[in-house]
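Novice: Take this structure, written in structure tokens, and hold onto it; I'll ask about it next.
The values are calculated or read from the model by the stated rules, or taken from the named source; none is laboratory data. As the structure is a computational prediction, the values presented were derived from the model and not from experiment. In this analysis, Cβ positions are derived from the backbone assuming ideal geometry, glycine residues included, and neighbour counts consider all displayed protein chains. To get the accessible areas, we keep the full protein, side chains included, count just its heavy atoms, and leave off ligands, DNA and RNA. Shrake-Rupley method; radii C 1.70, N 1.55, O 1.52, S 1.80 Å.
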Amino acid sequence: MSRANALKAPLQAWLAERRQDRRDCAEHSKALHYAWDADAAVMLVDYSPLLGIECLHAVSHWASGFATLRYAEGLFETACIRDLWLPFQRDHEDSAFRHWFATLPEHLAAALERLPARRYALAALAQRSQAVRDLILSNVRLCFLLHHWAETQGWSEPQLIEIAGRKQTEILSALGLPPYRRVLRLIAKLRISEFDAYEVDRLLRVLRQEATCNALVHEPELSLRLVKIIEDYPWMAGRPLQRLLCEASNRTLREWINDSLRMGGEAALRELRRCDRPSQVRRLHERLIVEQIEQDGNHRRRFDASGHILAFPPAPFTDTASIQAITTPDALQLETQLMRHCVASYTDRVYDGQYAVYKVLEPERLTLGLSLRHGGVALDQLKGVSNRAPSPEAQAAVEYWLHEQLKVGRS
């Protein structure tokens, strides 16, 4: 008898029972309903209250590979357990679910519970492959990364299983990572529950840099926050500034770092590598602003074939009496001198169509920076003299102006 046929009988019986229950009950719960068929060792799940259509699933126990059959819109068809979004928890409130979940080997379930996703997919794969099962028990984080990469690359199940059976350093090579035990030690420190599919791609990009891995090897743990910082600032790995950014969400410190790099280039980078306190970054930032103010701005200009200074690309929104676009590099340099901040360092980004700068005249004097990406416009910075924050009234007025401009653009 096929697995689908073995599941069909208990699913048909429960379908009839659930229909009767719905006729007998005036009020319908929006929760899932579970049942455990001990004779067939099958869990039955009724999704109908959530979906608004009759939809039920039967899932076999772990030893039979989590075979899954679905009934929906009058049809029985095979399904996949990973598509059911079932909770992965031993202490579930429903006893029927607990009976079914208990068919997983306890040590396997305990290892998979650490993962943010792919738990049932890996559990089913472990039932079919001793190599996958051994890798889960020895290094569940590495197995998670391998399964993610296999799907990304379109590997077949036999390919994945063959690689899972290799030495762990060889698995690193298959993932494009440096094949060293220190990288395995880093992976063992992953706070893996924080990494969804998108963040795993980010993690792999960071770990592929051998110098980064060497710099991070003594970190007590690898959090998503740390990985994001290192992706943005690879040169910061293992340095004091990495710790400062990890300890607290400090937007101002990030702005100082980014502005300093834009203004000072390689020379600023060398100084930032030596910084171990926010005050040092602030002083570097202030010194570079003074240098920006004192420059004449000639080196920022771009010229056409006739030698004439090029204006900036058109700003996204037309001027008003109180908010006006800055349209030339010389005007942007003047804004830096008047407002005593580093907005002139954005000249290249404005020329390249990635940024727009406006001067705000009312309700107070400010400089507005807009980020331009993928056809969208977002408020990036709004600063007063010497980078002072705007008043709440001025912030609200500029945000209202931007909202109205975006609304006109959509109409």
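Novice: So, restricting to helices (runs of 4 or more DSSP H) that lie completely within region 43-161, which ones have at least 3 residues that are under 22 Å from ALA16 (Cβ atoms)?
Specialist: 48-51, 95-101
Novice: Which number in (1) modelled with pLDDT of 90 or more; (2) open to solvent by less than 20 Å² (accessible area, probe 1.4 Å) marks the one condition that ARG119 misses?
Specialist: (2)
Novice: How many residues are in contact with a Phe, Trp or Tyr (Cβ under 9 Å, 6 or more places away or on another chain) and either aromatic (Phe, Trp, Tyr) or without any contact (Cβ under 8 Å) to a residue 24 or more places away in the chain (or both) when one looks only at region 174-213?
Specialist: Qualifying residue count, region 174-213: 1.
Novice: For region 225-242, which residues satisfy the criterion of being of a type outside the set (Phe, Trp, Tyr), under 25 Å from ASP196 (Cβ atoms) and buried (at least 18 other Cβ atoms within 10 Å of the Cβ)?
Specialist: Answer for region 225-242, where residues must be of a type outside the set (Phe, Trp, Tyr), under 25 Å from ASP196 (Cβ atoms) and buried (at least 18 other Cβ atoms within 10 Å of the Cβ): LEU226, VAL227, ILE229, ILE230, MET236, ALA237, GLN242.
Novice: I'd like the residue in region 352-371 that is under 30 Å from the mean Cα position of the chain (by Cα) and open to solvent by less than 40 Å² (accessible area, probe 1.4 Å) and, out of all such residues, is farthest from ASP330 (Cα to Cα).
Specialist: For region 352-371, the residue satisfying everything is SER371.
Novice: Looking only at region 66-87, which residues are touching a residue at least 12 places away in the same chain (Cβ under 8 Å), of a type outside the set (Gly, Ala, Ser) and either buried (at least 16 other Cβ atoms within 10 Å of the Cβ) or in contact with a strand residue (DSSP E or B) (Cβ under 7 Å, 6 or more places away or on another chain) (or both)?
Specialist: Of everything in region 66-87, those that are touching a residue at least 12 places away in the same chain (Cβ under 8 Å), of a type outside the set (Gly, Ala, Ser) and either buried (at least 16 other Cβ atoms within 10 Å of the Cβ) or in contact with a strand residue (DSSP E or B) (Cβ under 7 Å, 6 or more places away or on another chain) (or both) turn out to be PHE66, THR68, LEU69, ARG70, TYR71, PHE76, THR78, CYS80, ILE81, ARG82, LEU84, LEU86.
Novice: Mind listing whichever residues of region 367-389 are closer than 9 Å to ALA356 by Cβ and out of contact with any Ser or Thr (no Cβ under 8 Å at 6 or more places or on another chain)?
Specialist: LEU368, GLY369, LEU370, SER371, LEU372
Novice: What number goes with the only condition from (1) in contact (Cβ under 8 Å) with a residue 40 or more places away in the chain; (2) touching a Gly at 6+ places or on another chain (Cβ under 8 Å) that VAL281 does not pass?
Specialist: All conditions pass for VAL281, except number (2).
Novice: Would you point out the residue of region 37-56, among those that are surrounded by 18 or more Cβ atoms within 10 Å (Cβ to Cβ) and in contact with a Phe, Trp or Tyr (Cβ under 7 Å, 6 or more places away or on another chain), that is nearest to THR103 (Cα to Cα)?
Specialist: MET43
Novice: Which numbered condition in (1) touching a Leu at 6+ places or on another chain (Cβ under 6 Å); (2) in contact (Cβ under 8 Å) with a residue 24 or more places away in the chain; (3) surrounded by 19 or more Cβ atoms within 10 Å (Cβ to Cβ) is the only one that GLN168 fails?
Specialist: Among (1) touching a Leu at 6+ places or on another chain (Cβ under 6 Å); (2) in contact (Cβ under 8 Å) with a residue 24 or more places away in the chain; (3) surrounded by 19 or more Cβ atoms within 10 Å (Cβ to Cβ), GLN168 violates only (3).
Novice: Being surrounded by fewer than 20 Cβ atoms within 10 Å (Cβ to Cβ), within 24 Å of GLY264 (Cα to Cα) and not aliphatic (A, V, I, L, M): is that true of ARG349 here?
Specialist: yes
Novice: Please go through region 156-165 and give me each residue that is of a type outside the set (S, T, N, Q) and open to solvent by 50 Å² or more (accessible area, probe 1.4 Å), ordered by number.
Specialist: GLU157, PRO158, GLU162, GLY165
Novice: Okay, moving on. Kindly list the number of the only condition in (1) part of a helix (DSSP H, G or I); (2) closer than 26 Å to LEU366 by Cα; (3) not small (Gly, Ala, Ser) that fails for CYS246.
Specialist: Answer for CYS246: the failing condition is (2).
Novice: Any residue in region 263-271 that is hydrophobic (A, V, I, L, M, F, W, C), under 30 Å from the mean Cα position of the chain (by Cα), farther than 23 Å from ALA378 by Cα and in a helix (DSSP H, G or I)?
Specialist: So far as region 263-271 goes, yes, one or more of its residues are hydrophobic (A, V, I, L, M, F, W, C), under 30 Å from the mean Cα position of the chain (by Cα), farther than 23 Å from ALA378 by Cα and in a helix (DSSP H, G or I).
Yes/no matrix, rows are residues, columns are (1) among the aliphatic types (A, V, I, L, M); (2) open to solvent by 60 Å² or more (accessible area, probe 1.4 Å); (3) under 30 Å from LEU135 (Cα atoms):
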residue: SER173; (1), (2), (3): no, yes, yes
residue: ILE192; (1), (2), (3): yes, no, yes
residue: LEU222; (1), (2), (3): yes, no, yes
residue: LEU244; (1), (2), (3): yes, no, no
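Novice: Restricting attention to region 383-410, and to residues there that are among the small types (Gly, Ala, Ser) and under 31 Å from the mean Cα position of the chain (by Cα), which single residue is surrounded by the fewest Cβ atoms within 10 Å (Cβ to Cβ)?
Specialist: Narrowing region 383-410 to residues among the small types (Gly, Ala, Ser): 384, 386, 389, 391, 394, 396-397, 409.
The next check asks that each one be under 31 Å from the mean Cα position of the chain (by Cα); those that pass are 389, 396, 409.
Numbers: ALA389: 12, ALA396: 12, GLY409: 10.
My answer is GLY409.
Novice: Something else: If you take the residues of region 194-220 that are open to solvent by 10 Å² or more (accessible area, probe 1.4 Å) and not in a helix (DSSP H, G or I), which of them is farthest from ALA117 (Cα to Cα)?
Specialist: Checking each candidate, the answer is HIS218.
Novice: Filter region 306-346 for residues that are under 26 Å from LEU261 (Cβ atoms), hydroxyl-bearing (Ser, Thr, Tyr) and over 31 Å from the mean Cα position of the chain (by Cα); which is most open to solvent (accessible area, probe 1.4 Å)?
Specialist: THR327
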